[in-house]
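The values are calculated or read from the model by the stated rules, or taken from the named source; none is laboratory data. Source: prediction; values computed, not measured. Please note: Cβ atoms are built from the backbone with ideal geometry, for glycine as well, and neighbour counts cover all protein chains shown. Note: areas computed on protein heavy atoms with side chains; ligands, DNA, RNA excluded. Shrake-Rupley method; radii C 1.70, N 1.55, O 1.52, S 1.80 Å.
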Amino acid sequence: MRARIEERVAVAVPVEAAWAGLTDWEDQTGWMLFTKVTVEPGGHRVGERLDAFTGIAGLGFHDPMEVTTWDPPHRVEVVHLGKVVRGGGIFEVQPAPGGAWLVWVEDLDLPLGRLGALGFALLRPGFQLMLRQSLRRLAKQLERRPREVGGRPAG
């Protein structure tokens, strides 16, 4: 069984700035709730490997991923390769008046058939809130960063 969760948050920065913030993997630790991200050396590309540890006080799980689509500045897709989280994830940046939309989609493969679907139905509101709050934190960070105009800081 599969489950889809999607969250989107508006951000008042250009698409390119939103993309840079969303795909700065190491910086995700600063805005993604309860998560620490580590990255293989080698840069942003298809085949890049990431590992997100999600938990509190050292209790949690690893979520190894591989980038399967890299289409800057609009879309990156990953496949989750771990034992706990399976399926695909998508980050998108969509143009919007006055800025951009940050979009986070998870297409999760649920284990245990109907039992897994029932368990996920109980966990879904918390998971949805975690995605939304994380994207809001990122939007606030991006909106506080100084912007450049013509290669010089604005303002």
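A compact table of results
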{"quantity": "Equivalent ellipsoid semi-axes - Cα gyration tensor, the chain, angstrom", "calculated": "28, 17, 15"}
{"quantity": "For the stretch 57-100 and the stretch 119-149, distance of Cα centres in Å", "calculated": "13"}
{"quantity": "The chain: calculated mean residue ellipticity at 222 nm from DSSP helix runs of at least 4, using -39500 (n - 2.57)", "calculated": "-9000 deg cm²/dmol"}
{"quantity": "Cβ-derived FRET efficiency at R0 30 Å, residue 122 paired with residue 26, nearest 0.05", "calculated": "0.40"}
{"quantity": "With DNA, RNA and ligands ignored, accessible area of residue 24 (1.4 Å probe; Å², nearest 10)", "calculated": "60"}
{"quantity": "Ranked order, 80, 74 - accessible area, probe 1.4 Å, largest first", "calculated": "74, 80"}
{"quantity": "Cα-projected label distance for residue 12 with residue 105, points at 7 Å along beta-carbon direction, nm", "calculated": "2.9"}
{"quantity": "Helix 113-144 axis, angle to the chain major axis (alpha carbon atoms, nearest 10°)", "calculated": "10"}
{"quantity": "Global geometry of the stretch 47-120, whether rounded, prolate or oblate, following the gyration tensor of its Cα atoms and the 1.5 cut on a/c", "calculated": "prolate"}
{"quantity": "Accessible area of the chain divided out per residue, in Å², using a probe of 1.4 angstrom", "calculated": "56"}
{"quantity": "Qualifying trypsin sites (Lys or Arg not before Pro) in the stretch 11-111, DSSP loop, other Cβ atoms within 10 Å at most 16", "calculated": "45, 83"}
{"quantity": "For the chain, built as a Gaussian network whose Cα springs stay under 10 Å, the top-fluctuating residue of 33, 110, 59", "calculated": "59"}
{"quantity": "Protein accessible area in the stretch 28-155, 1.4 Å probe - carbon and sulfur %", "calculated": "61"}
{"quantity": "Selected from 19, 70, 104 as most flexible by GNM, with the chain as the system and alpha-carbon contacts under 10 Å", "calculated": "70"}
